[in-house]
Structure formats: structure tokens, C-alpha cells
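In what follows, a single structure is set out as C-alpha cells and then discussed.
Quick note: the coordinates plus some simple rules give every number you see, no bench work behind them. If you're wondering where the values come from, they're calculated on a predicted model, not measured in any experiment. Glycine gets a Cβ as well: all are built from the backbone with ideal geometry, and neighbour counts include every protein chain shown.
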Amino acid sequence: LTSTLYYYSVSGNPANELIEAVVTNLSTNACGVRTSWQKTNVIIENLDFRKYGYAGVSTSGASNIVIRNCKFDECDHAVWLYGNNQTVIGNTISRCYKMAINSLSGGGITGYGNYNTIENNVVTDCAIYPGLGKNWGYFGIGSSGFFNVIRGNKLKRIGYIALSFDNNALVERNVIEDACFILNDGSGIAFDNTDGAVVRENIILRTVGSYQGSCAPDYHGCVPKGKGI
């Protein structure tokens, strides 16, 4: 083994070539940035995250975290949130395998996952790769805390449900196209266990549903069952 990596340019001038180094990690917990337990007041911005095996950015019981104007490509998850008062804004997310943005909750209204904002992000081609998504997932954006805001996001070609939430979230002015891209019987927006939620001024287009990956091959009664909300 050696600590030196040599590259021999095909053209003779490496300055004329795009060279990408991919560091493989056997751990599925590989992250670009991970904020450790109960860290506060961190800004993550203008960074490019690619090919992380767990998440581009992961927060753990953190608060007052801002993730903005970053790019995420070919990560299992782009952003994995666990904490309060966190903001994910203005990011571009493409080709995530499991979920683009997941805001988890724990401990109820006095615990974690509350008062988070997911705003003005662009998500494309997320969770559309059969067999690579979460067991219960293939979602674009997921939120399960209290007093969360999901606003102004654009989601296109999402494997199953584009936007899922519960409790009393505010979900407004999102534009969703081609949800249920590879799965069936889902929707552009889905919610459960809600009390006081507001869903308004969203645009949802072409949630047809795909039954090829959702039915046994010897069963012929499947039909596309995509829904708007």
C-alpha cells in the first residue's frame, strides 16, 4: 500500500481534463458534514456534496442549523435532519437514491424535529432507482415533527410520494411533477396523524402511478393509482 496516488493523463495535460476522485467507505454512515449531538448555530452553504453513502449533511439533536445554496448529487440522502429550528433553503438536489430531505422527530412537541423550515429547494430524479430506496420511503421530502414549514419547493420525478408530513405542518406553494414515478398507490402530497396542518396553494401535476414495480408479475389486476393529495 502507498499513500501516493499517481494519475497519468491520456491527453498529456491533466489541466485539460475533468478528474473526479471517489473515496469509497464500507460504512453506510458516510456523510459529507455531520453535526454532532446538540451542536448549535452552524451554517453550511455553497458546498457540493456527491456520492455519500448515508447523507450529504446529517444533523444529530442539533439546533439553529442552516443548510443553504448547496448541491447534492448521487447521495443516499441529501439532508438528514434531527433537531429543532433548522433551515434547509435554496439547495439543488438530484439523483438521491433513498430520500432527498428527511426531517425526523423524537420526543413529541418538547423533543426534536420541531420548528424546521424546508424552503425553495429543487429536487429532481430522487428515489427512482428500483431496489435502492428506503424500505418505507422512496420519498422526496419527509417531515414528522411539529410546527414545521415546507414551502416553495420544486420536486420532479420522485419514485413514490413526493412530500409527506404529519402533525401541524404548514405546506404551501410547492410545485410537484411526476410523483409515483416507479411505484403505485401514492400521491404528490400525503399526510397522516395531523392536527392543525395547513396545505394550500400547491401545484401537483401528473401523479399517474407505475404498477410495473408494485405488483406481482403473475397478477393482471393492477392499474395506475396515483393521486394528487
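For the chain, build the convex hull from the C-alpha positions and give me its volume per residue in Å³.
Numbers: hull volume 38.9 nm³, N = 229.
Dividing the Cα hull volume of the chain by its residues yields 170 Å³.
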*Can you list, bin by bin at 10 Å, the percent of alpha carbon pairs in the stretch 67-115, starting at 0?*
27, 46, 23, 3
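Arranged from highest to lowest average of other beta-carbon atoms within 10 Å per residue, in what order do the peptides 140-153, 46-59 appear?
Details: 140-153: 23.4, 46-59: 20.3.
By packing density, highest mean first, the sequence is 140-153, 46-59.
Rounded to the nearest 5, what % of DSSP beta bridges with both residues in the stretch 110-229 are antiparallel? Numbers along the way, then the final one.
Working: 0 of 28 bridges.
So the antiparallel bridges amount to about 0 percent of the total.
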*Would you mind checking the pairs Lys39/Lys134; Lys39/Lys154; Lys71/Lys154; Lys39/Lys156; Lys51/Lys227; Lys71/Lys227 and listing those with alpha carbons more than 21 angstrom apart?*
Lys39/Lys134; Lys39/Lys154; Lys39/Lys156; Lys51/Lys227; Lys71/Lys227
